[in-house]
Amino acid sequence: MSTRLLSESIVRERYPHLRYVRIHTSGRRTATIYAWDDRLELSEADRESLRKFAAAYLTPFVCFKVEPYGRIREEGIPAAPEVPECVSEAAMNRRLTLRGIAEVVDGMLAGGSMCFERYDQATATAYMAISSERPISLVERELLELYLGELMPLGTRCEVRYTT
């Protein structure tokens, strides 16, 4: 599975002259790569090369668009979130599985666990359930969902159901 962090790393490695790289997924098997070089530009040659590279080497079954990095603000793309090291390490693992995602989340839950419920192919949404011995606050839920978003493959959304 190719996460945002892993995909951005792969793009930076393949295109070292691109100084700014941000990949954003809106789910439903789509993602946009935003990039600029040192001159704050994205040439047509780089745009086309990056589009072809993403289609061939990043995540299969995801339709990639490539846009200048400056479009991030216009399109209201949130800043890349800060994530704990355990989330970052897992997201950079090329062999990350649903089981691995659950293990990372379980490690962050005191007295709780997460399990995969189902995947809706039409909406590219993974449905998860988190059960906990104690109620999970709204702030904790926001953080868990943010971290799950970083662990999910590009083009996939995640919805979580909480139970105590």
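The values are calculated or read from the model by the stated rules, or taken from the named source; none is laboratory data. Just so you know, these numbers come straight off a predicted model, no measurement behind them. Cβ atoms come from the backbone with ideal geometry, glycine included; neighbour counts cover every protein chain shown. With ligands, DNA and RNA removed, areas are computed over all heavy atoms of the protein, side chains included. Shrake-Rupley method; radii C 1.70, N 1.55, O 1.52, S 1.80 Å.
What number of residues in the stretch 2-25 are more than 16 Å from GLU150 (Cβ to Cβ), among the hydrophobic types (A, V, I, L, M, F, W, C) and in a helix (DSSP H, G or I)?
Taking the stretch 2-25 first, the residues more than 16 Å from GLU150 (Cβ to Cβ) are 11-20.
Then keep just the ones that are among the hydrophobic types (A, V, I, L, M, F, W, C); that gives 11, 18.
Keeping just the survivors that are in a helix (DSSP H, G or I) gives 11.
Number satisfying all stated conditions: 1.
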**OP:** Filter the stretch 27-57 down to the residues that are assigned to a helix (DSSP H, G or I), touching a residue at least 24 places away in the same chain (Cβ under 8 Å) and surrounded by 15 or more Cβ atoms within 10 Å (Cβ to Cβ), then identify the one that is farthest from the chain's Cα centre (by Cα).
**Re:** ASP46
Subject >> Filter result for the condition that a residue is charged (D, E, K, R), under 29 Å from ASP120 (Cβ atoms) and open to solvent by less than 50 Å² (accessible area, probe 1.4 Å), over GLU75, GLU103, GLU67, GLU89 >> reply: GLU67
**OP:** Please give the number of the condition VAL83 fails out of (1) in a helix (DSSP H, G or I); (2) out of contact with any Lys or Arg (no Cβ under 7 Å at 6 or more places or on another chain).
**Re:** (1)
**OP:** Considering each residue of the stretch 124-140, count those that are touching a residue at least 60 places away in the same chain (Cβ under 8 Å) and exposed (fewer than 13 other Cβ atoms within 10 Å of the Cβ), and give that number.
**Re:** 0
**OP:** Answer yes or no: is there a residue in the stretch 111-123 that is β-branched (Val, Ile, Thr) and surrounded by 15 or more Cβ atoms within 10 Å (Cβ to Cβ).
**Re:** no
Subject >> Output for the stretch 141-164, where each listed residue is touching a residue at least 40 places away in the same chain (Cβ under 8 Å) and either of a type in the set (D, E, K, R) or exposed (fewer than 14 other Cβ atoms within 10 Å of the Cβ) (or both) >> reply: GLU150, ARG157, ARG161
Subject >> Close pairs from the stretch 100-121: first on the phi < 0 side of the Ramachandran plot and touching a residue at least 40 places away in the same chain (Cβ under 8 Å), partner of a type in the set (Phe, Trp, Tyr) and buried (at least 17 other Cβ atoms within 10 Å of the Cβ), Cβ under 9 Å, at least 6 apart >> reply: VAL104/TYR147; VAL105/TYR147
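Considering each residue of the stretch 58-78, count those that are assigned to a helix (DSSP H, G or I) and within 21 Å of SER2 (Cβ to Cβ), and give that number.
In the first step, residues of the stretch 58-78 are kept if they are assigned to a helix (DSSP H, G or I); the result is 71-74.
If we keep only those that are within 21 Å of SER2 (Cβ to Cβ) as well, we get 72.
Of the residues in that region, 1 qualify.
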